[in-house]
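Asker: Dumping the structure here so I can ask a few things about it.
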Amino acid sequence: MIKPVDTGTRFTGNFTQQQPIPEAGIEAALRVLRHGRLHRYNVVEGEVAETALLEQEFAAFTGARYCLAVASGGYALSAALRAIGVKPGDKVLTNAFTLAPVPGSIASVCAEPVFVEITDKLALDLDDLSRKIASSGAKVLMLSHMRGHIVDMEALMAICNASGVQVVEDCAHTMGAHWNGTPSGRFGVAGCYSTQTFKHMNSGEGGLLVTDDADLMARATMLSGSYMLYERHLAGAPADTFADIRLDTPNCSGRMDNLRSAILRPQLQILPAQCEAWNERYRRIDAGLANAPGITLIDRDPKEGFVASSHQFLLPEFSQEQVQQVLHRCAARGVELKWFGADQPVGFTSRHDSWRYVKRQDLPQTDRILGGLIDMRLPLTFSLADCDLIAAIIRQEVGAVYQSGR
Ligand SMILES: *Cc1c(COP(=O)(O)O)cnc(C)c1O
């Protein structure tokens with residue numbers, strides 16, 4: 001039910017305030033600080049490092065055979081690309097709408113991003129994917145589940161398998177999510193996750209890479225900087241898979257440390273409950289915006305087991321100026337919205353044309369959708385009543401601009 005609120009009511013919450021680290025994480029972190037063995041390979045006899053345990057637990061959580069913890073989500077993406085053999089000059093397909101570390105990971109291996117259009121469900125356009133596979137000859141897709149929107153994974157994998165395209169999944173926004181019961185990150189050859197502060201687990205910075213492919217895991221482990229200590233991993237590739245590659249794979253240091261692993265392990269324990277809490281908030285916002293004049297909500301497939309740590313909606317009929325008015329009016333009432341259609345990026349970049357190190361590509365459908373795409377974070381520090389108030393404010397302000405434009 002939508003409760004009316006006074007047009008003077010302001011929201012006073014903070015859209016970038018995450019929850020504190022669970023007490024168990026703080027205690028585990030203090031134990032690591034007290035013994036001082038922060039480096040993942042620094043263990044005393046009989047000790048198993050927090051990082052090795054985190055990898056073992058995250059592998060079990062996703063059902064993957066192998067897991068490697070690294071310095072960031074972006075590092076996991078570039079390590080995956082390098083480990084599957086992407087070479088300088090190779091073409092790599094990716095979403096035209098994603099966060100900057102995704103095209104950045106492709107650039108970091110000196111490969112060339114080929115952007116694929118998105119649909120108004122904010123997921124990859126599979127028709128355009130087929131066209132771009134044919135026209136580019138690319139053999140790798142870096143699939144970004146941007147803002148947690150998951151494309152029909154069975155259809156996507158059928159297209160990619162038929163044309164010999166390997167899929168690396170960017171699961172920065174889908175940790176804990178699934179498509180039709182299969183965890184996000186388990187369709188492609190590798191799944192990459194971020195534990196940066198604004199993702200589903202928070203260690204400040206950090207990343208995780210999962211795969212069932214032993215050779216890929218062995219290469220990624222060497223790349224991360226395991227020296228010759230890879231046998232200390234609990235979810236690592238078998239020792240014999242290192243025999244051929246250990247002296248041929250460069251060390252591009254990007255390890256996870258035991259302090260961050262200690263902070264993350266208790267968060268993994270509560271992740272399913274956290275995912276439920278995000279979705280509860282998302283549904284409250286969706287309900288509050290349902291049938292609001294001017295607003296189109298994002299249609300979600302029943303097979304999409306999403307985790308909505310953010311909310312998006314479209315203002316398809318609004319001019320740029322009207323969108324600006326909505327942003328200003330909402331901001332004046334304490335509701336901070338992001339707009340992906342602005343000419344100049346503010347605070348972040350998510351559009352293909354903001355990445356000028358990539359040759360300019362024509363993506364009219366993505367440009368049209370981003371022109372009316374509004375986004376907000378839903379930190380778990382927001383109560384359900386906060387979500388009701390946020391939705392009511394947006395509804396009023398969008399409504400006011402919509403009315404005045406008629
Ligand atoms: C945050 C993010 C990443 C990786 O982030 P890091 O800051 O490198 O951990 C990758 N893809 C998307 C879509 C993201 O939002």
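Asker: Give the carbon-plus-sulfur fraction of the accessible surface of region 270-382 in %, rounded to a whole number; probe 1.4 Å, heavy atoms of protein chains only.
Answerer: 49 percent
Asker: Does the chain come out rounded, prolate or oblate by the C-alpha gyration tensor, with a ≥ b ≥ c the root eigenvalues, rounded set by a/c under 1.5 and, if not, prolate when a/b is larger than b/c and oblate if not?
Answerer: oblate
Asker: Which value, in Å², gives the accessible area per residue of the chain when a 1.4 Å probe is used on the protein heavy atoms?
Answerer: Computed with neighbouring chains in place, this is 42 Å² per residue.
Asker: How much accessible area does residue 343 have with a 1.4 Å probe, in Å² rounded to the nearest 10?
Answerer: The accessible area of residue 343 comes to roughly 130 Å².
Asker: Determine the order of 139, 91 by accessible area, beginning with the largest, at a probe radius of 1.4 Å.
Answerer: 139, 91
Asker: On a full-extension model of 0.36 nm per residue, what is the gain between residue 368 and residue 383, subtracting their alpha-carbon distance, rounded to one decimal in nm?
Answerer: Separation in residues times 0.36 nm, less the Cα-Cα distance, equals 2.1 nm.
Asker: Might you work out the accessible area of residue 402 for me, using a 1.4 Å probe with all protein chains in place, and round it to the nearest 10 Å²?
Answerer: My reading of the accessible area for residue 402 is about 40 Å².
Asker: Using modelled amide H (1.01 Å from N, peptide plane; none on Pro or chain starts), what sits under 5 Å from the amide H of residue 190, excluding residues fewer than 5 places away?
Answerer: Distant-sequence amide H within range of residue 190: 169.
Asker: Provide the per-residue ³J(HN,Hα) series for region 85-93, in order, calculated from phi with Karplus coefficients 6.51, -1.76, 1.60 and θ = phi - 60°, each as a whole number of Hz, with x at glycine and proline positions.
Answerer: Ordered by residue, 3J(HN,Hα) equals x, 5, 10, x, x, 5, 8, 10, 6 Hz.
Asker: So, one more: Within region 23-269, what whole-number % of the accessible surface is contributed by carbon and sulfur, with the 1.4 Å probe and all protein chains included in the calculation?
Answerer: Carbon and sulfur atoms account for 51 percent of the accessible area of region 23-269.
Asker: With helices defined as uninterrupted DSSP H runs, which ones in the chain have an alpha carbon span along their own long axis of at least 20 Å and mean Kyte-Doolittle hydropathy of at least 0.0?
Answerer: 384-404
Asker: Report the Rg/Rh value for region 127-240, based on alpha-carbon coordinates and the Kirkwood definition of Rh.
Answerer: Ratio of gyration radius to Kirkwood radius: 1.00.
Asker: Give me the count of lysine pairs in the chain whose alpha carbons sit under 24 angstrom apart, restricted to pairs 8 or more positions apart or on different chains.
Answerer: 14
Asker: Let me ask something else about it. What length, rounded to one decimal in nm, is gained on full extension from residue 65 through to residue 331, with 0.36 nm per residue of separation minus their alpha-carbon distance?
Answerer: The span from residue 65 to residue 331 would gain 91.1 nm if fully extended.
Asker: With θ set to phi - 60°, apply the Karplus curve 6.51 cos²θ - 1.76 cosθ + 1.60 along region 295-311 and write out the HN-Hα couplings as whole Hz, x wherever there is a Gly or Pro.
Answerer: For region 295-311, the Karplus-derived couplings read 9, 10, 7, 7, 6, 10, 6, x, 7, 7, x, 7, 10, 9, 7, 8, 10 Hz, x marking Gly and Pro.
Asker: Roughly how large, in nm² to one decimal, is the mean projection of the convex hull of the alpha-carbon atoms in region 271-404?
Answerer: Mean projected area of the Cα convex hull: 9.5 nm².
The values are calculated or read from the model by the stated rules, or taken from the named source; none is laboratory data. Owing to the predicted nature of the structure, the values given are computational and were not obtained by experimental measurement. Remember, those area values only see protein heavy atoms, side chains included, never the ligands or the DNA or RNA. Shrake-Rupley method; radii C 1.70, N 1.55, O 1.52, S 1.80 Å.
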